[in-house]
Each structure stands twice: as C-alpha cells, then as structure tokens.
1. Please specify each residue of segment 27-44 satisfying the condition of being crowded, with 18+ Cβ neighbours inside 10 Å and away from the ligand (no atom under 12 Å from the Cβ).
2. If you go through segment 62-109, how many residues are at pLDDT below 90 and part of a strand (DSSP E or B)?
3. Can you name the strands (runs of 3 or more DSSP E) wholly within segment 113-218 that have at least 1 residues being surrounded by fewer than 20 Cβ atoms within 10 Å (Cβ to Cβ) and in contact (Cβ under 8 Å) with a residue 12 or more places away in the chain?
4. I want to confirm something. Restricting to segment 1-26 and keeping residues that are of a type in the set (D, E, K, R), part of a helix (DSSP H, G or I) and modelled with pLDDT of 80 or more, which single residue is surrounded by the most Cβ atoms within 10 Å (Cβ to Cβ)?
5. Scan segment 159-180 and give yes if some residue there is modelled with pLDDT under 90 and under 20 Å from the mean Cα position of the chain (by Cα), otherwise no.
6. Can you tell me which of (1) within 11 Å of the ligand (Cβ to nearest atom); (2) crowded, with 20+ Cβ neighbours inside 10 Å; (3) in contact (Cβ under 8 Å) with a residue 40 or more places away in the chain; (4) of a type in the set (Gly, Ala, Ser) is the one ALA47 doesn't meet?
Amino acid sequence: MTDITSLANSIPEQALQQVRFEDFGLSPDILRALSDQGYVHPTPIQAQAIPVVLRGRDVMGAAQTGTGKTAGFSLPIIQRLLAHASSSASPARHPVRALILTPTRELADQVADNVKAYSRHTPLRSTVVFGGIDMAPQTAALRSGVEIVIATPGRLLDHVQQKTINLSQTQILVMDEADRMLDMGFLPDLQRIINLLPKQRQNLMFSATFSPEIKKLAASFLTDPQTIEVARSNATADNVTQILYKVEDDEKRDAVSFIIRERGLKQVIVFSNTKIGASRLAVHMVKQGVKASAIHGDKSQSERMAALDAFKRGEVEVLVATDVAARGLDIAELPCVINFDLPHSAEDYVHRIGRTGRAGAKGDAISLHSDRDERYLADIEKLIKQKIVRVHLAGFVATSAHPAERRPRTERERGERGGERADRAERPARSYNPPKEKIDPWFSKPYEPSTVSVPASSAPAPKSGSAGKPQRKAALLGGFSKG
Ligand code: AMP
C-alpha cells in the first residue's frame, strides 16, 4: 500500500476555484441536487475523491469531519449506481448495491440525509438503519427495496440475522470514520459484515487518523487503494485561535458558564471526557441560566436527536458532548469549542478543535486546564507542534464549588478513553440524577490571579475577535435543521 501523501496540498487554492461539479461528468440529476444544496465548487477532498471513485478504484481517504467527505464518496456512488437505476416499484429491482457503515447513529442519520438530498432527482432509493429505535419501520423500508443503505454495524447485523436485508449484490462498501469504529470495538462486527459481501466490490475507507490498526484493517480489505489526504493529519487549522485558561478543577463548571456569558457565545460545543461529567455540566449550566444540553452515549436515541435538533434551531446554545457523541455531528463552522476537560488523547484534541474554523472561517478553541492536566497538555503540544498560550481567566469568580468537589475525581469521572466503548448503537439509555449542590461561601471569595491576567473577552490575540462581535451561526448540514 502506498504511504499517504498529501495530494490535496498539491492542488493550488486558485485551481480548486476553477473546478466545477460539471467537470466530473456527473448526471444532470445530481448536478441539479447540488445546485439545490447551493454547492458551487467541490471541496479539496471532493475534487480528488470523485474522479477516483468514479473510475471504480478503492480509496483510503484521510479526511476529518467538515471537509465535505460525505459528498466526496456519495456523489460518485450515486453516479455509478445510476447505471442500474430502475423506476420499477418492484423491490427486486432495487437490491442493496452500496453499503455505508458509520460508527454512530447521528453520523448515519446525517450521511443518510446527504445521500437522500444528492439522489433526490434520481430513481435511486436509500435508507438508514441504526439501533436504539424500533426495527419495524427499517424493515419495511428495506423490504420495499433500496440501493443505498447507511448503517451502524450492530443494527445492520440484527437485520442480517432477521433476514430483513440481503447484501449479496453489494458492489460498493464505504467505511466512514473507520478509526472511530475501531475505537468503539466494532472490528469483529466489521469483519462479519465484510464476510457477507461479494468478493468483487469497490471499497472506500475514510478515517481521520491512520493508526497501525487502521492500516491493518485497510490492508485486509482494500485492493490497491488510491490514498487521498486533504489536510496533514494532526495539523491544527491556522485559523483557529487556541487559548488555555488555568482554572482549579472545582471551579471549571462555573468558569465555562462565565466564558460563555462573557463572550456571548450562542453556538458552542463543550467537550467533556466522560458521560457523567457531560450530564453534570449541562445540568449545572442550566441552573446558571445557560441554555445547555448534554449529548452522549447514555442518552437515548430520541434524546440525542432532540438535543441536536434544538441546537441546530438555536433553542439550545451549548451542547455538552463526549468525543464519541460529538464525532458524528455534522455541525460546520462552529465559532467556538470549549474543552471542559483536556482530552487524554492528543489526537482527540485535534478532532475537537477541528469542529471550529472550518472552510477558512475563524474559530476559537478554549481549553480549561489545571495542574493535573500538564501531562496531557505536553502530549497535545508535542502533537500539534506548538505551544498553546496559557492565561488566567480574569474577572471570574467561582460561586458554586463546595468541599465535596475538592476530592480527587474517580477513574470513571476522569474519563479514560475506553469510557465510551459502550456507546454502541444498541445500548439502552440510563437516567442520571444530578447530586444536590450545597454552596460554601468560602468558595465564593474572589479569584486572585497570581500571574498574567487576561479577561475572557480579551484573550491573547483572539484572531477571530469573538468578544463583542456578533457570533456566527453554525452552517448546518444542508444548511437547515430538519425541525
Ligand atoms: P462533511 O465533511 O461531509 O460532513 O460535510 C461538511 C459540511 O459541508 C456539510 O454541511 C455539507 O453539506 C457541506 N458541504 C459539502 N460539500 C460542499 C460543497 N462542495 N460546497 C458547500 N458545502 C459543502
């Protein structure tokens, strides 16, 4: 297998502006759908992936979320399947020809929305299957015949077992966010699924990172893949301003609310390392008058969808998310992300801050850290090859910390990477009862910074100048929420 080389970087920005979707020989029905979406020029991953996928080659794509990779693989898939498109109502004329696997329900749903939008003027049919909801409507959709199925692995295997899906005519397999699928323990499921498919097929694999395990998986099922990369892995976007506020552990929750209020943030994702931490933080913020909601693997599917839709509509201003839950969210051009906890994996830091500053827009990535985070911080700075500026959060007064919170956090609360392993499609929801908080006035005394002091609203060189300026609204999938 070829090493990943940065092909995208070899396409000059100006040249990319000249490329149009018409140049790929896509059908007028697809072009019309793209025009409906308001797409004019392909993104770098699309410019590279579309011709390669159209030629029928296997692809190993290194692309992060927000690069437009979904259209990069789905447009040429739709084009290729058009040769088999049938306007017949008979299910037999609509066998499953393309299978797109995603790690999370949210990503499956978003990819499915995109595929539906891009194929809306064609006779091709598509559907999505994921766990946590009733199988019956999915079964009905599968039985009526669909050429493109978007699925999470667990629920797909349930359908295989129930014989409600037949994969024997699948010509194209896509593994989206393959690294996340491995992180979530889906490898055995993926292998079972691959074994159910015809040997002769086109394979596309997309992953934000390329660990040895991912390369091994790729080597096991891709044939002579064309490697495509749009951004150097682990590079952080130049247009994202990174700031570190040093805050005591027990003051972090108040600090987040303070930053959000000070900056007037209206759409922000706050990252927590743990599901329980995300829930607690969201509850705490709501008590402080911030419109917040948590989204993580212990939430039921309908709760997660409701939180996401409310966020897209602007009814929820702050989504508190774990890495796994956030990874599948298609929320582009977020003006700001906040790391409530520093991630214990430096790569996760890169993913998190990649949620902002997309497509050349400016973004702010704010991280809270305490002395105990130094080790993780060192790893992050090593990976991104830059020192993040550390400042005190002037003007901030913690009000609700209490002695019980001064205890060292447990392993579970500190959030080990495996903490989201159970964030599987079929996992039942658990309810969370936040502890009652008592406030000790001792902890309400003003915070006294000992070194440099920079207010939240005038942090060092915030290139994007969030303070005082109106916040950008996130541009969402297809531009609009489903409501
Ligand atoms: P993705 O990385 O596939 O999740 O796409 C990120 C966002 O970019 C989605 O909201 C897409 O609708 C949008 N998008 C994808 N391709 C284009 C394009 N060529 N022009 C404008 N927006 C796009």
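The values are calculated or read from the model by the stated rules, or taken from the named source; none is laboratory data. The structure presented is a predicted model; accordingly, all values stated were derived computationally and were not measured. For neighbour counting, all protein chains shown are included, and Cβ atoms are generated from backbone atoms with ideal geometry for every residue, glycine included.
1. ASP29, ILE30
2. The qualifying residues number 1.
3. Here the list reads 202-207.
4. In this case the residue turns out to be ASP23.
5. Yes: one or more hits.
6. Result: ALA47 fails condition (3) only.
For every residue, the table says whether it meets (1) at pLDDT 85 or above; (2) surrounded by fewer than 19 Cβ atoms within 10 Å (Cβ to Cβ); (3) within 20 Å of VAL268 (Cβ to Cβ).
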site	(1), (2), (3)
PRO343	yes, no, yes
SER370	yes, yes, no
GLU374	yes, yes, no
ALA378	yes, yes, no
GLN386	yes, yes, no
GLY395	no, yes, yes
ALA404	no, yes, no
